[in-house]
Amino acid sequence: MIEIKNLTKRFAQHTAVDDLSFSVKPGEVLGFLGPNGAGKSTTMKMLTGFLAPTSGSASILGFDIQKDTLKAQRQIGYLPEGAPCYGDMTVRSFLEFIAEVRGFKGAEKRQRVAKAVAQVELDAVLEQSIETLSKGFKRRVGLAQAILHDPKVLILDEPTDGLDPNQKHQVRKLIQSLAHDKIVIISTHILEEVSAVCTRAVVIAHGKLLADGTPLELESRSRYHQAVTLVAAEPLDQAALAALPGVAGVEENTLEHSLSILAKPGEVIFPQVNALIAERGWQVKELNVERGRLDEVFRSLTRGEVV
Amino acid sequence: MSQLSVVFKRELASYFATPLAYVFILIFLVLSGVFTFYLGGFFESGQANLAPFFNFHPWLYLFLVPAIAMRLWAEERKSGTIELLMTLPITRFDAVTGKFLAAWVFAGLALLLTFPMVITVNYLGEPDNGAIITGYIGSWLLAGAYLAIGSCMSALAKNQVIAFILAVSVCFLFIVSGFPMVLDGFSGWAPQWLVDAVASLSFLTRFDAISKGVIDLRDLLYFLTLIAAWLAATAVVIDLKKAD
């Protein structure tokens, strides 16, 4: 259990994190969302004991990060933003250093390093110095050091930033495979990632909590939730569509020659739309019911627009 | 304690991961030879001791030791690895001391490599080898004091060059604080105890005594306290500056 209570961090000119409170339970993969500068990294730095909060508290599995710093830090595997590693070390010596800091010796140390290396597929570069590695490999070295001691809490700051699509997929699979008994917090501004790996999403902007729910719940806040998108060969009667019960409006997308029929909150409009199409005998090539658009929810939340 | 040795090992190994260590040792050995034989007049003095060798150490270290110390923390901050180090379960004491000890042992290694000097003087005459050993101890303590200052300056500056210049400046102040020109500036207006206090801060008077073979407990304490104080300052500075 991670508990964050009224966490606040003020820097000289601005408030980076403003009275943030939430808690995370084991088994949850929490996606921490927000635009750049929203306070995601600052929150993570406070959670891991790197920064002291101006006020408020955070506890990791019952250990207060300010009072029981070392005990809390032992529970955490942390990938800082940009995955900093000692560039002059080889991958193996770096991971062995981390293992020793974590208190592993001899055979167990070698076995831990070998396991982490296998999990993120670093075998090929084990004897290379870290500064000669590509960005993707560096990120994986950072991940390897975070998961090496099989921590109960994983805090990953933009774990897939700068990776190619294959590597992203691999890292997400890794996070999912690790997640079942752990608390995982990942920060990201890639929204597809939230739908892909997170069981819960927290949106913050200007250091304040804006939304907290499952990715599905967030999607349902979109004005495109339950919207029906049509692609037809002929021009359709927009007025008739707009007049259907439960319809909030019709949007024309000229680029794709499609129409989006928006539903009023809580309404399901697919049957009505379908009936109208059948009645008029329209030639519809494509018909989609949308779950909602996360990026649109994100934009409207973080820029203060009405959802 | 085990964390301290892990930090120490990593840091010491990192000196030798680049050619920096070898270049540094080479420069140190060449310069200490030049100082001893040309400027110090080792042969001309006709005495079987290493005074010409040790006398130049405060000045030699003024530029060489900050060069070892400058990377200690500045590099961690620049590359962001300080965030990694500070979020690992390592106490501030272990991190600061472990890194410092690595630099100090490295300086000690360079110093030990001047052993041909000892062989030479033993070949030429019959020196007081006890005095030579205390001279080495004094020199190593002096290097430690410079390193502790350098460590603090390195924590203060993100840029290694600035860390170097700051360290040289502060070390220089500690050297000249025993000089008449500095003390004269104080003696006009300051009470005598302040003048004495400033004079007693000087590296030179302390080091002279030890390098001549006189080990006074107070001089030892002076160096050890100075090291401890600057390392404590390093820890404070790191806490203040780590997130910048």
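Results, tabulated for the structure shown:
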read-out	value
Between segment B:122-194 and segment A:262-307, the alpha-carbon center distance in angstrom	76 Å
CD proxy at 222 nm, helix term only [per DSSP H run n ≥ 4: -39500 (n - 2.57); per residue of chain A; nearest 500]	-10000 deg cm²/dmol
Per-residue ³J(HN,Hα) for segment B:93-110, Karplus 6.51 cos²θ - 1.76 cosθ + 1.60, θ = phi - 60°, Hz, x for Gly and Pro	4, 4, 5, 5, 5, x, 5, 4, 4, 4, 5, 5, 5, 4, 4, x, 4, 4
Relative contact order for chain A, counting Cα pairs under 8 Å that sit 6 or more residues apart, in percent	20 percent
Electrostatic dipole magnitude of chain A [Cβ: Lys, Arg +1; Asp, Glu -1; Cα centre; debye, to 20]	1240 debye
Degrees between helix B:20-34 axis and first principal axis of chain B (Cα, 0 to 90, nearest 10)	20 degrees
Anchor residue B:99: aspartates and glutamates whose Cα lies under 13 Å away (excluding residues fewer than 8 positions away in-chain)	B:11, B:75, B:76
Packing-based order for B:159-169, B:176-186, using average beta carbon neighbours within 10 Å, highest first	B:159-169, B:176-186
Zone of residue B:193's modelled label, taken as backbone nitrogen in segment B:199-222 under 17 Å from a point 7 Å along Cα→Cβ	B:199-201
Averaged over A:180-186, number of beta-carbon atoms from partner chains that fall within 10 Å	0
Amide H partners (placed H, <5 Å) of residue A:201, local residues excluded	A:31, A:213, A:214
Packing-based ranking, highest mean first, of A:102-114, A:144-156 given that Cβ atoms within 10 Å are counted	A:144-156, A:102-114
Charge-dipole axis of segment B:139-223 as Lys and Arg at +1 and Asp and Glu at -1 on Cβ define it, positive-most pick from B:163, B:190, B:223	B:163
Cβ neighbours within 10 Å from other chains - mean over A:58-70	1
Helical contribution to [θ] at 222 nm, DSSP H n ≥ 4, -39,500 (n - 2.57), averaged over chain B, rounded to 500	-25500 deg cm²/dmol
Taking N as its residue count, the alpha carbon Rg of segment A:228-290 over 2.2 N^0.38 Å	1.00
Table column - 3J(HN,Hα) (Hz), segment B:132-145, Karplus curve with 6.51, -1.76, 1.60, x for Gly and Pro	5, 5, 5, x, 5, 4, x, 5, 5, 4, 4, 4, x, 5
Amide H partners (placed H, <5 Å) of residue A:134, local residues excluded	none
Positive-end residue, segment B:16-110 charge dipole about Cα centroid, Cβ charges, pick of B:27, B:49, B:64	B:64
Simple Cβ-charge dipole of segment A:141-281, Lys/Arg +1 and Asp/Glu -1, about Cα centre, in debye nearest 20	440 debye
Integer Hz, Karplus 6.51/-1.76/1.60 couplings in order for segment A:126-134, x for Gly and Pro	4, 9, 8, 6, 4, 5, 8, 7, 6
Peptide B:2-14, shielding by other chains (average Cβ, 10 Å cutoff)	3
21 Å Cα cut-off, lysine pairs counted over segment A:138-223 (separation 8 or more, or different chains)	6
Order by protection proxy (mean Cβ within 10 Å, highest first), peptides A:137-143, A:3-9	A:137-143, A:3-9
Residue A:208 paired with residue A:70, simple spin-label distance in nm, labels 7 Å along Cα-to-beta-carbon	4.1 nm
Over chain B, relative contact order from alpha-carbon pairs under 8 Å, at least 6 apart, %	27 percent
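Just so you know, all these numbers are worked out from the coordinates, no wet-lab data involved. From a predicted model like this one, the values you see are computed outputs, not experimental measurements. Please note: Cβ atoms are built from the backbone with ideal geometry, for glycine as well, and neighbour counts cover all protein chains shown.
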